[in-house]
Amino acid sequence: MAAGEHAPARATPRPDLMQRLAAEWLRREQAQLLRRVRTCMPQQGAWVLIDGQLQRDFSSNDYLGLARDPALVAALTRAAHASGVGAGAAHLLGGHRDEHAQLEAALAQWTGRERALLFSTGYMANLGVLAGLLEAGDLCVQDKLNHASLIDGARLSGATLRRYRHADVESAARQLASLPQAAALLATDGVFSMDGDVAPLAQLASLCAGTGALMLVDDAHGLGVFGADGAGSLAEAGLGQTQVPLLMGTLGKALGCFGAFVAGPAMLIEALVQGARSYIYTTALPPALAAATLTAVAIARSDHERRARLHARIAQFRDGARTLNFPVLASRSAIQPVLLGSTEAALMASSRLAQRGFHVPAVRPPTVPAGQARLRVTLSAAHCEADVAALLDALAAVA
């Protein structure tokens with residue numbers, strides 16, 4: 001080394017990402033919080049085959065029992081023979097087919113909105129709406145228990161995110177008042193995915209009208225379940241496009257298919273066509289799947305007996321749970337959580353139910369708050385009265 005030169009300072013070692021991931025995996029394993037993928041093979045009715053064992057399935061969001069309906073299978077098959085499987089391109093690059101256009105028109109008409117726009121998933125729809133409409137300096141106010149996609153969409157947008165106490169309209173009002181000069185959007189689940197309760201939609205809509213905030217409702221778990229023709233929790237509350245301009249709905253729950261849509265005023269939907277990156281830069285839904293979903297919409301709207309059967313099973317479960325003093329939450333939806341508190345208790349109950357032939361997953365932190373681990377029971381029109389009675393007996397035995 002020449003005189004006057006100095007050896008380069010030793011750089012601080014970078015954190016090793018693989019070591020960090022290994023440490024996090026170990027932490028989750030020790031806390032019994034590891035998520036594991038299991039292969040489930042649907043069988044006849046509400047049964048599923050898991051690890052070679054036949055179990056009654058109380059985990060599915062297929063609320064109307066449409067996922068294996070012969071009419072949907074036939075519609076998908078016909079469309080696949082006619083136009084193939086994949087769309088081959090994004091909507092704006094030639095992937096938008098007649099099946100997509102028909103489905104968007106049907107969804108807009110069903111939900112009472114001017115226009116609908118298809119997305120590949122509900123997660124992508126919420127990311128697209130929030131990041132496409134909001135920007136730095138705006139305000140996004142959300143319920144504490146909103147779906148992760150709504151939270152992530154607000155963060156991606158760069159807007160200021162403020163969260164209010166669950167279903168607390170006064171708390172929401174305080175958060176909206178925190179930045180009175182900012183453009184504001186209030187987002188809420190219609191039906192909350194882990195608690196199963198319905199948001200105070202009418203009061204929130206009134207708050208938004210009085211404060212100049214745009215309102216977005218994610219009705220993934222209300223569509224097909226609530227409302228006179230299954231148009232969802234907003235329809236049940238009598239709230240149209242004027243009161244709640246933006247509605248997001250998924251196609252993979254009560255409709256038994258896959259994908260999502262956003263419906264609202266034509267101007268807002270056009271703004272998403274121009275600016276929602278999760279719409280612009282992804283391949284369109286398979287047209288055959290859109291055709292199957294169009295059939296599902298027609299059934300969901302007209303088959304009132306199917307929806308009545310679902311609500312009868314909900315009432316049966318809640319009546320039985322009250323009789324047996326189960327710690328169920330105040331839900332009138334198809335989502336019926338049994339709150340057990342600790343992760344250990346929830347895992348133990350789920351395991352014992354599996355041994356008795358019932359698939360009822362345990363939901364643990366961080367999906368739910370610490371101390372609120374639970375069994376997430378979901379009911380379907382595919383369940384018969386005997387299925388629910390058997391589940392109640394099994395819960396009584398393992399609780």
message: Conditions first: (1) in contact (Cβ under 8 Å) with a residue 60 or more places away in the chain; (2) of a type in the set (Val, Ile, Thr); (3) buried (at least 20 other Cβ atoms within 10 Å of the Cβ). VAL328 passes all but one, so which condition is the exception?
response: (1)
query: Can you tell me which residues in the stretch 132-171 are without any contact (Cβ under 8 Å) to a residue 40 or more places away in the chain, part of a helix (DSSP H, G or I) and over 19 Å from the mean Cα position of the chain (by Cα)?
result: SER157, VAL169, GLU170, SER171
message: On the basis of being within 30 Å of ALA290 (Cα to Cα) and either more than 22 Å from the chain's Cα centre (by Cα) or β-branched (Val, Ile, Thr) (or both), does ALA74 make the cut?
response: yes
field: Cβ pairs under 6 Å, 6+ apart, first in the stretch 382-398 and in contact (Cβ under 8 Å) with a residue 60 or more places away in the chain, second charged (D, E, K, R)
entry: HIS383/ARG313; ASP387/ARG56; VAL388/ARG313
message: I want to confirm something. Restricting to the stretch 354-389 and keeping residues that are within 17 Å of VAL328 (Cα to Cα) and part of a helix (DSSP H, G or I), which single residue is most open to solvent (accessible area, probe 1.4 Å)?
response: ALA389
statement: When the stretch 331-352 is checked residue by residue, the ones that are under 17 Å from the mean Cα position of the chain (by Cα), in a loop (DSSP other than H, G, I, E, B) and polar (S, T, N, Q) are SER331, SER333
- prompt: Among the residues of the stretch 219-228, is any part of a helix (DSSP H, G or I) and either open to solvent by 20 Å² or more (accessible area, probe 1.4 Å) or under 17 Å from VAL198 (Cα atoms) (or both)?
  reply: no
- prompt: Tell me, which helices (runs of 4 or more DSSP H) wholly within the stretch 1-120 include 2 or more residues that are touching a Lys or Arg at 6+ places or on another chain (Cβ under 7 Å)?
  reply: 98-111
- prompt: Does ALA205 count as surrounded by 19 or more Cβ atoms within 10 Å (Cβ to Cβ), under 13 Å from LEU246 (Cα atoms), modelled with pLDDT of 95 or more and of a type in the set (A, V, I, L, M, F, W, C)?
  reply: yes
query: Which number in (1) open to solvent by 30 Å² or more (accessible area, probe 1.4 Å); (2) touching a residue at least 24 places away in the same chain (Cβ under 8 Å) marks the one condition that SER193 misses?
result: (1)
- prompt: Where in the stretch 239-322 are the helices (runs of 4 or more DSSP H), entirely inside, with at least 1 residues that are open to solvent by less than 10 Å² (accessible area, probe 1.4 Å), among the polar types (S, T, N, Q) and touching a helix residue (DSSP H, G or I) at 6+ places or on another chain (Cβ under 6 Å)?
  reply: 287-302
task: Given the conditions (1) out of contact with any helix residue (DSSP H, G or I) (no Cβ under 9 Å at 6 or more places or on another chain); (2) of a type in the set (Val, Ile, Thr); (3) farther than 30 Å from LEU353 by Cβ, report the number of the one that THR77 does not fulfil.
output: (1)
- request: Go through the stretch 172-190 and give me each residue that's part of a helix (DSSP H, G or I) and open to solvent by 10 Å² or more (accessible area, probe 1.4 Å).
  value: ALA173, ARG174, GLN175, LEU176, ALA177
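The values are calculated or read from the model by the stated rules, or taken from the named source; none is laboratory data. The shown structure was predicted, so the numbers you read here are calculated from the model rather than taken from an experiment. Note that we place each Cβ from the backbone using ideal geometry, even for glycine, and neighbour counts take in every protein chain shown. Note: areas computed on protein heavy atoms with side chains; ligands, DNA, RNA excluded. Shrake-Rupley method; radii C 1.70, N 1.55, O 1.52, S 1.80 Å.
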